[in-house]
Amino acid sequence: MEGQETIDFTAFITALTGSITVTQVLTVLASIVGVGMSFFLMWLGVRRAVRAFTSAVASGRIRI
């Protein structure tokens, strides 16, 4: 295709790599993992609580 111009991203990449540090990236990743683990453990706890409640209603006994 003739007449197409290419876009030069070198200035954008240079500005981006100059403003974001490795420490910032690791901090964001660590916070994402921490929040994800919290939601996972909460999900497991809710499943256990629902199962215990359902079992207690069905059998008439509470087991923990």
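Miscellaneous remarks
- The chymotrypsin sites (Phe, Trp or Tyr not before Pro) of the chain that DSSP puts in a loop, and whose beta carbon has at most 10 other beta carbons within 10 Å, are 9.
- Exposed trypsin sites (Lys or Arg not before Pro) absent - longest run of the chain, DSSP non-H/G/I/E/B, at most 12 other C-beta within 10 Å: 1-60
- Dividing the helix sum by the residues of the chain, where each DSSP H run of 4 or more adds -39500 (n - 2.57), gives a mean residue ellipticity at 222 nm of -26500 deg cm²/dmol.
- Taking the C-alpha atoms only, the angle from helix 22-59 to the longest principal axis of the chain is near 20 degrees.
- Working from label points 7 Å from Cα in the Cα-to-Cβ sense, the residue 14 to residue 32 distance is 2.8 nm.
- Extension gain, residue 48 to residue 25, is 4.8 nm, computed as 0.36 nm per intervening residue step minus the present C-alpha separation.
- Rolled with a 1.4 Å probe across the full set of protein chains, the surface gives residue 54 an accessible area near 80 Å².
- Solvent-accessible surface (1.4 angstrom probe) belonging to residue 22, in square angstrom, nearest 10: 110 Å²
The values are calculated or read from the model by the stated rules, or taken from the named source; none is laboratory data. What you see is a predicted model; the values in this text were computed from it and never measured. Reconstructed Cβ throughout: ideal geometry from the backbone, glycine too, with neighbour counts over all protein chains shown. Surface areas here come from the heavy atoms of the whole protein model, side chains and all, with no ligands, DNA or RNA. Shrake-Rupley method; radii C 1.70, N 1.55, O 1.52, S 1.80 Å.
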